[in-house]
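K.L.:
Following this message is one structure expressed as structure tokens.
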């Protein structure tokens with residue numbers, strides 16, 4: 001029997017999975033990316049994880065027919081080259097697909113992790129039966145992926161769907177011709193945390209619950225802290241979330257106007273805020289702002305696949321490559 005390997009390379013975690021030709025993952029190896037690691041140390045760790053995975057499952061290298069990789073950064077998928085990692089040094093213009101081929105002889109396809117996650121949700125998650133779908137992951141940053149006819153849309157070859165980098169609001173409302181804030185600065189986990197920390201330092205009288213939840217340490221205010229404070233009715237936290245929802249709603253409206261997907265799927269850590277804090281207000285605001293003819297053409301739903309979403313997408317990448325329909 002032939003088997004597929006799926007790999008997730010993130011800024012903080014690594015996952016390697018073994019799947020059968022139908023896409024079912026039978027075993028996963030997981031590891032953290034340790035502080036101070038560079039790309040070569042991550043590759044060494046991946047090699048060790050794959051060796052362990054094969055040994056544990058009793059599979060040989062000859063039984064692997066293709067590898068799919070979801071990488072945490074921009075990639076040139078045509079060449080299988082990582083362009084850059086924003087978290088780990090050493091990935092600039094690295095031929096990752098060739099590394100797998102040289103080490104094991106396996107055909108390998110490499111895509112950005114948000115695109116890969118979108119493919120996973122489109123084929124095995126909340127996007128089943130919908131076409132096209134637009135996937136948004138909201139975590140430390142914000143990534144997006146456009147899945148058309150069951151495949152990742154890559155634009156001119158370097159990717160597409162970078163919703164986190166849409167310019168949404170002027171940094172200074174009095175100077176609309178100055179710098180504009182991107183979606184990521186306002187609505188990502190890191191963006192929420194930074195804005196909350198700035199608020200605490202600027203207006204300490206509003207800091208009560210935020211500081212209490214962060215045990216008195218402003219630098220420990222995270223998106224989770226903001227969400228908890230908002231759930232308890234803290235006005236400052238609720239204002240921050242309202243601003244984040246506004247930014248995300250505007251970005252989604254741009255996506256709808258340009259692409260008109262049938263379904264928009266939102267995943268990532270910040271999406272765990274749930275219906276009351278995130279999805280309900282987001283749907284209301286999108287409904288108010290969206291291009292009217294497209295208002296009923298799409299819906300917005302939570303992702304289904306959880307922490308393994310990138311692996312599921314990587315399996316599908318490998319499956320398409322093995323079938324001769326992906327590269």
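The values are calculated or read from the model by the stated rules, or taken from the named source; none is laboratory data. Nothing here was measured: the structure is a model prediction, and the numbers come from that model. Don't worry about glycine lacking a Cβ; one is built from the backbone with ideal geometry, like all the others, and counts go over all protein chains shown.
K.L.:
Only one of (1) in contact with a strand residue (DSSP E or B) (Cβ under 7 Å, 6 or more places away or on another chain); (2) within 22 Å of residue 274 (Cβ to Cβ) fails for residue 227. Which number is that?
P.N.:
The single condition residue 227 does not satisfy is (1).
K.L.:
Sticking with this one: In segment 123-149, how many residues are part of a strand (DSSP E or B) and in contact with a helix residue (DSSP H, G or I) (Cβ under 7 Å, 6 or more places away or on another chain)? Full working, then the answer.
P.N.:
Just the residues of segment 123-149 that are part of a strand (DSSP E or B), to begin with: 133-138, 142-148.
Okay, now just the ones that are also in contact with a helix residue (DSSP H, G or I) (Cβ under 7 Å, 6 or more places away or on another chain), so 133-138, 142-147.
Number of matching residues: 12.
K.L.:
Here is a list: 51, 97, 47. Which entry is closer than 24 Å to residue 144 by Cβ, part of a helix (DSSP H, G or I) and modelled with pLDDT of 95 or more?
P.N.:
Values: 51 fails: closer than 24 Å to residue 144 by Cβ; 47 fails: closer than 24 Å to residue 144 by Cβ.
After ruling out the rest, the residue left standing is 97.
K.L.:
Considering only residues that are surrounded by fewer than 24 Cβ atoms within 10 Å (Cβ to Cβ) and modelled with pLDDT under 95, look in segment 127-145 and name the one that is nearest to residue 306 (Cα to Cα). Before the answer, list the steps.
P.N.:
Kept after step one, since they are surrounded by fewer than 24 Cβ atoms within 10 Å (Cβ to Cβ), are these residues of segment 127-145: 128-132, 139-141.
Retained after the next criterion (residues that are modelled with pLDDT under 95): 139-141.
Details: 139: 13, 140: 16, 141: 17 Å.
Within segment 127-145, the match that is nearest to residue 306 (Cα to Cα) is 139.
K.L.:
Taking segment 26-38 only, how many residues are surrounded by 14 or more Cβ atoms within 10 Å (Cβ to Cβ), in contact (Cβ under 8 Å) with a residue 40 or more places away in the chain and more than 20 Å from the chain's Cα centre (by Cα)? First the steps, then the outcome.
P.N.:
Taking segment 26-38 as the starting set, the residues that turn out to be surrounded by 14 or more Cβ atoms within 10 Å (Cβ to Cβ) are 27-31, 33, 37.
This time we only want the ones that are in contact (Cβ under 8 Å) with a residue 40 or more places away in the chain, so: 28, 33, 37.
Filter once more, keeping what is more than 20 Å from the chain's Cα centre (by Cα): 37.
Selection size over segment 26-38: 1.
K.L.:
Continuing with this model, one more query. Scan segment 260-272 residue by residue and report those that are in contact with a helix residue (DSSP H, G or I) (Cβ under 8 Å, 6 or more places away or on another chain) and modelled with pLDDT of 95 or more.
P.N.:
Once the filter is applied, which keeps residues that are in contact with a helix residue (DSSP H, G or I) (Cβ under 8 Å, 6 or more places away or on another chain) and modelled with pLDDT of 95 or more, segment 260-272 yields 260, 261, 264, 265, 266, 267.
K.L.:
Can you name every one of the helices (runs of 4 or more DSSP H) wholly within segment 202-259 that holds 3 or more residues which are in the same structural domain as residue 183 (by TED's automatic domain parsing), closer than 30 Å to residue 149 by Cβ and touching a helix residue (DSSP H, G or I) at 6+ places or on another chain (Cβ under 7 Å)? Let's see the steps before the verdict.
P.N.:
On the way: elements: 208-213, 223-231, 235-259.
The qualifying helices (runs of 4 or more DSSP H) are 235-259.
K.L.:
Among 56, 116, which is the only one that is touching a strand residue (DSSP E or B) at 6+ places or on another chain (Cβ under 8 Å), surrounded by fewer than 16 Cβ atoms within 10 Å (Cβ to Cβ) and in a helix (DSSP H, G or I)?
P.N.:
Details: 116 fails: surrounded by fewer than 16 Cβ atoms within 10 Å (Cβ to Cβ).
Sole residue among the options that is touching a strand residue (DSSP E or B) at 6+ places or on another chain (Cβ under 8 Å), surrounded by fewer than 16 Cβ atoms within 10 Å (Cβ to Cβ) and in a helix (DSSP H, G or I): 56.
K.L.:
On to the next question. Could you list all residues from segment 277-296 that are surrounded by fewer than 18 Cβ atoms within 10 Å (Cβ to Cβ) and either modelled with pLDDT under 95 or over 23 Å from the mean Cα position of the chain (by Cα) (or both)?
P.N.:
284, 287, 288, 289, 291, 292, 293, 294, 295, 296
K.L.:
Further question on the same structure: Got a sec? Which of 107, 124 is within 21 Å of residue 2 (Cβ to Cβ), more than 17 Å from the chain's Cα centre (by Cα) and touching a residue at least 24 places away in the same chain (Cβ under 8 Å)?
P.N.:
Values: 124 fails: more than 17 Å from the chain's Cα centre (by Cα).
Going through 107, 124 in turn, just one is within 21 Å of residue 2 (Cβ to Cβ), more than 17 Å from the chain's Cα centre (by Cα) and touching a residue at least 24 places away in the same chain (Cβ under 8 Å): 107.
K.L.:
Would it be correct to say that residue 50 is closer than 20 Å to residue 312 by Cα, assigned by TED's automatic domain parsing to the domain that holds residue 21 and touching a residue at least 12 places away in the same chain (Cβ under 8 Å)? Break it down into steps so the answer makes sense when it comes.
P.N.:
Details: closer than 20 Å to residue 312 by Cα: yes; assigned by TED's automatic domain parsing to the domain that holds residue 21: yes; touching a residue at least 12 places away in the same chain (Cβ under 8 Å): yes.
For residue 50, the condition - closer than 20 Å to residue 312 by Cα, assigned by TED's automatic domain parsing to the domain that holds residue 21 and touching a residue at least 12 places away in the same chain (Cβ under 8 Å) - is met.
K.L.:
Right, here's the next one. Name the residues in segment 146-163 that are within 21 Å of residue 187 (Cβ to Cβ) and modelled with pLDDT under 95, would you?
P.N.:
Narrowing segment 146-163 to residues within 21 Å of residue 187 (Cβ to Cβ): 146, 159-163.
Passing the criteria: 159, 160, 161, 162.
K.L.:
When you scan segment 22-42, how many residues do you find that are more than 16 Å from residue 2 (Cβ to Cβ), part of a loop (DSSP other than H, G, I, E, B) and out of contact with any strand residue (DSSP E or B) (no Cβ under 9 Å at 6 or more places or on another chain)?
P.N.:
5
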